[in-house]
Amino acid sequence: MAGNNYKLDTKLIHAGVEPDPTTGAIMTPIYQTSTYVQAAPGDHKGYEYARTQNPTRTVLQNSLAAIENGNFALCFGSGMAATDAVIKLLHPGDEVIVSNDLYGGTYRIMTKVFANYGINFHFIDMNDAQSIVSRINERTKMIWIETPTNPLLNIIDIAACAAIAKENNLLLVCDNTFASPYLQNPLDFGADIVLHSATKYLGGHSDVVHGALIMNDEDLEQRLKFIQNSCGAVPGPHDCWLVLRGIKTLHVRMQRHCENGAAVARYLRGNPKVGKVLWVGFEDHPNHHIAVKQMRGFGGMISFTLKDDNIEEALSVLKKTKLFALAESLGGVESLIGHPATMTHASIPREDRIKNGLVDSLIRLSVGIEDISDLIEDLEQAIG
Ligand SMILES: *Cc1c(COP(=O)(O)O)cnc(C)c1O
């Protein structure tokens, strides 16, 4: 594959991408077609029908595989479509052990969709990976982690989970959306499947919904590709092109997300109205030592609570920010603010969410790449 031996910053721009074979166009064209003409039945150029293959998608898949240090990538119409495809590897009666602090939509598809198909999900605290072991039985097939977790920014030890998965013949799935390939490559630590909502940092401009899976094992790739083609949740070529364009600046955007994230985290910690500040980069973060081992930086995701822990106080801060836009999603160039309890995690019952630390006043920030003094000023006038 082109450009695979380079450093990450170069791979982001070049890996998997060749000038267009017909015109030399340096940027991969958007192949807006549903089918491909064949010289005779079966005599084609590797492309038959656009649910199965599309050249814009192929280039993006090659790029994604390269930047996650994987052999294969598969693209989907959304992060949830990628999640759906992975769970379809399972059969009724199978069990999955899942980290309990995770994206609300992932919790929802597991408990409200696939539970009806006889697949059982056990949500547990994985701050100590060894707690997984006691939950494994002969029906367990998969371990599902998200790290850093959403929205509590806990860190799960990928290598420790991978060792447990290997020993028990389970698949380890790692949702790497929050870190992005710039900060973390789970396959390097033994994960079997890396999942991305490319809607977030990979796309990076809040203009596309897209998902991806990256893996090393060819048999696994074939099984997932069969599901991708059979179930058909594929992205259109224009969406693939937007993600491909986003990837080319991932490193410069992530550098600024990390810088701004660190500055905002330190500011919040000094604000007397703020309770806890959850940010992976603090040395007293309980799993900071694991973060340092598996991540190259700490990103722009920060959650914090208010000293007055109630929904009204939180909503008042949300109402007052001018630059931090109130919105679901994350990872775009613009700063966003959200209230997990009433937004992204509203589908999780209150007692479950509070038990896991997702309290009423918890506010989540996706720190963008604006000027840092404007961002801090905005938070200062909103929090007081
Ligand atoms: C957004 C998100 C998803 C779902 O992705 P969509 O592209 O919105 O379908 C999955 N996991 C995480 C961590 C996310 O943030």
Ranked on Cβ counts within 10 Å of their own Cβ, fewest leading, Tyr117, Tyr36, Tyr201 go Tyr117, Tyr36, Tyr201
Between Ser131 and Gln32, the two model label points (7 Å from Cα along the beta-carbon direction) sit apart by a distance in nm of 5.0 nm
Percent relative contact order for the chain, counting Cα pairs under 8 Å at least six residues apart, stands at 16 percent
Relative to the chain, whose Cα atoms define the longest principal axis, helix 237-247 and its Cα axis are tilted in degrees, nearest 10, by 60 degrees
Gyration tensor on Cα atoms of the stretch 233-384, a ≥ b ≥ c root eigenvalues, a/c under 1.5 rounded, else prolate if a/b beats b/c, else oblate, says rounded
Given a Förster distance of 22 Å, the FRET efficiency implied by the Cβ-Cβ spacing of Asp284 and Arg256, rounded to the nearest 0.05, works out to 0.30
Taking Cα atoms only, helix 158-167 is inclined relative to the longest principal axis of the chain by an angle, in degrees rounded to 10, of 60 degrees
A chain fully extended from Tyr117 to Lys307 at 0.36 nm per residue, minus the present Cα-Cα distance, gains in nm 64.1 nm
About its Cα centre, the chain carries a charge dipole, from +1 on Lys and Arg Cβ atoms and -1 on Asp and Glu Cβ atoms, whose size in debye to the nearest 20 is 240 debye
Candidate cut points under trypsin sites (Lys or Arg not before Pro) in the stretch 117-205, DSSP loop plus at most 12 other Cβ atoms within 10 Å of their own Cβ, are Arg139
A chain fully extended from Thr249 to Phe226 at 0.36 nm per residue, minus the present Cα-Cα distance, gains in nm 5.1 nm
Per the rule of 0.36 nm per residue minus the C-alpha distance, extending Ala163 to Asp188 adds in nm 7.8 nm
One would report the Cα pair-distance distribution of the stretch 8-247, bin width 10 Å, in %, as 8, 32, 35, 17, 7, 1
Most exposed first, judged by fewest Cβ atoms within 10 angstrom, Glu146, Glu218 run Glu218, Glu146
Output ordering of 54-61, 226-233, 250-257 (per-residue mean of other Cβ within 10 Å, highest first) is 54-61, 250-257, 226-233
Tilt, helix 55-67 to longest principal axis of the chain (alpha-carbon atoms), in degrees rounded to tens, equals 50 degrees
For Phe123, other-chain or 5+-apart residues with amide H closer than 5 Å (H placed, Pro excluded) are Val98
Footprinting proxy, Trp241, Trp279: sorted fewest to most Cβ within 10 Å, the residues are Trp241, Trp279
The stretch 85-111 scanned against label point 7 Å out from Glu138 along Cα→C-beta; backbone N under 20 Å for 90-97
Rounded to 0.05, the calculated FRET efficiency for the beta carbons of Glu377 and Ile124 at R₀ = 51 Å is 0.80
Most fluctuating of Gly338, Gly70, Gly270 in the GNM of the chain (C-alpha, under 10 Å) is Gly270
Checked against a 24 Å limit on the C-alpha separation, the offending pairs among Lys112/Lys307; Lys88/Lys112; Lys112/Lys141; Lys7/Lys248; Lys248/Lys319; Lys11/Lys200 are Lys112/Lys307; Lys248/Lys319
Per GNM of the chain with C-alpha springs under 10 angstrom, the most fluctuating residue out of Ala25, Ala39, Ala160 is Ala39
Percent antiparallel among DSSP beta bridges confined to the chain, rounded to 5, stands at 55 percent
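Every number here is computed from the coordinates shown, using simple stated rules; none is lab data. Everything numeric here is computed off the predicted structure, so don't read it as measured data. Because the Cβ atoms are built from the backbone with ideal geometry, glycine has one as well, and the counts that use them run over all protein chains shown.
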